[in-house]
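First the structure, in the form of structure tokens, and then the observations on it.
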Amino acid sequence: MEWLDYSFFDNSVQDYLVFAGLVIGSWLLAWLVGWLLKRFVIGRAEKTGSRLDDLLEGVGVRPLSLIVFLAGLRVACGSLVLPKWLDKVLMTGFMVAWTMLGAVFVSRLLKGLLIHYIQRFAEKSEEALLAQMVNMVRSAVGVVVWIVAGLFLVANLGFDVSSLLAGLGLGGLALAMASKDTLSNVFGSFTILVNGPYAVGELVTYMGHSGTVEVIGMRDTRIRRFDGNLVTVPNSLAPTSVIENISRRPSFRVLFKLGLVYDTPAEKIDRAIELVKQAVQAEEGTGEKILTHFIGFADSALEIQVIYYIEDTDRILDAQHGVNRRIRESFEKAGIEFAYPTVTVEGPGAKMAA
């Protein structure tokens, strides 16, 4: 088989056949690696319910297969005698390709791990800010990986990285100074996410504004006040502000006074106190603690103070309405009269009450 010894461009036919075999073998090996990952690793993870399959699918089998193929292709090229300029071009191409594929692989891997661990936290939290925070961190991870990959590639191509890093440092400092308020708001958003002083849909008093939290963004929180106006508060104020979360109180205290006419006998005062307690106990969503006392003599009434608690904070007004209506109805049936302000006017030979 003398034809195998024929030489073309400083390489024999046998050398070219070895090169072709290595290329085909590299392609087959890359295909086999991808098939094994899909069949045994990802497939088994799907059957066991593990989140490893989601992670590997997020990373992708293709970058790994291409890395294996390029490694085999580099070995194949090494089996040939090539001109120095061509060998240098090929080596540079392989380095660029490996760097880009490595950056893709590492970026996807870190993002997958990030999502994997944040999902555990998300299962215990219903914060609307979480999705925005995840997207921001994912983007930041991708940018950092590609910057490192770019610097690695530039250094291996023979360029001076120190001057480039110095320029990036000055530019980063200028960018940080220009975006100081933005970074403060992002830090405040992270504080809201971790500490959870409030969530979307809750009633809060924040920076003197009381209302319902409608949106928690990366920059600010939007509160719909009770008068209908929409207030936007920067998240940078959250770590240092006093935030009152009205929705998270265990109960709502109701305090009011009833005035009875001065000629109400003592037994009817006791009866009025008992009727008030019965009215509160009959209303759904109220607590067991009811404080009702005859507290004093006002200018025109005998005063009874009533304190009770509404545990179902979603129906505060309904509960108050029900209690007040029962008190009014029971007092009418018992013949207990409410007092109203009176003024005594004295005239010549007459005395009137108005």
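The values are calculated or read from the model by the stated rules, or taken from the named source; none is laboratory data. Everything numeric in this text was worked out from a predicted model, so none of it was measured. Glycine gets a Cβ as well: all are built from the backbone with ideal geometry, and neighbour counts include every protein chain shown.
Within segment 274-293, can you find the residues that are in a strand (DSSP E or B) and surrounded by 17 or more Cβ atoms within 10 Å (Cβ to Cβ)?
T286, I290, T292
Quick check on my filter: what residues within segment 216-254 are within 30 Å of I307 (Cβ to Cβ), of a type in the set (A, V, I, L, M, F, W, C) and over 20 Å from the mean Cα position of the chain (by Cα)?
F226, V242, I246, F252, V254
Considering every residue within segment 257-273, establish whether at least one is under 46 Å from the mean Cα position of the chain (by Cα), modelled with pLDDT of 85 or more and surrounded by fewer than 15 Cβ atoms within 10 Å (Cβ to Cβ).
Yes.
Which condition does T313 not pass, out of (1) surrounded by 11 or more Cβ atoms within 10 Å (Cβ to Cβ); (2) at pLDDT 90 or above, if it passes all the others?
(2)
Please go through (1) over 26 Å from N245 (Cα atoms); (2) touching a helix residue (DSSP H, G or I) at 6+ places or on another chain (Cβ under 7 Å); (3) not β-branched (V, I, T) for N324 and return the number of the only condition it doesn't satisfy.
(2)
Results for (1) at pLDDT 70 or above; (2) surrounded by 13 or more Cβ atoms within 10 Å (Cβ to Cβ); (3) not assigned by TED's automatic domain parsing to the domain that holds L70, shown as yes or no for each residue.
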| site | (1), (2), (3) |
| --- | --- |
| R108 | yes, yes, no |
| R120 | no, no, no |
| V143 | yes, no, no |
| I147 | yes, no, no |
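Checking the condition modelled with pLDDT of 90 or more and either loosely packed, with under 15 Cβ neighbours inside 10 Å or not assigned by TED's automatic domain parsing to the domain that holds K277 (or both), which residue from K333, K351 passes?
Testing whether each residue is modelled with pLDDT of 90 or more and either loosely packed, with under 15 Cβ neighbours inside 10 Å or not assigned by TED's automatic domain parsing to the domain that holds K277 (or both) leaves just K333.
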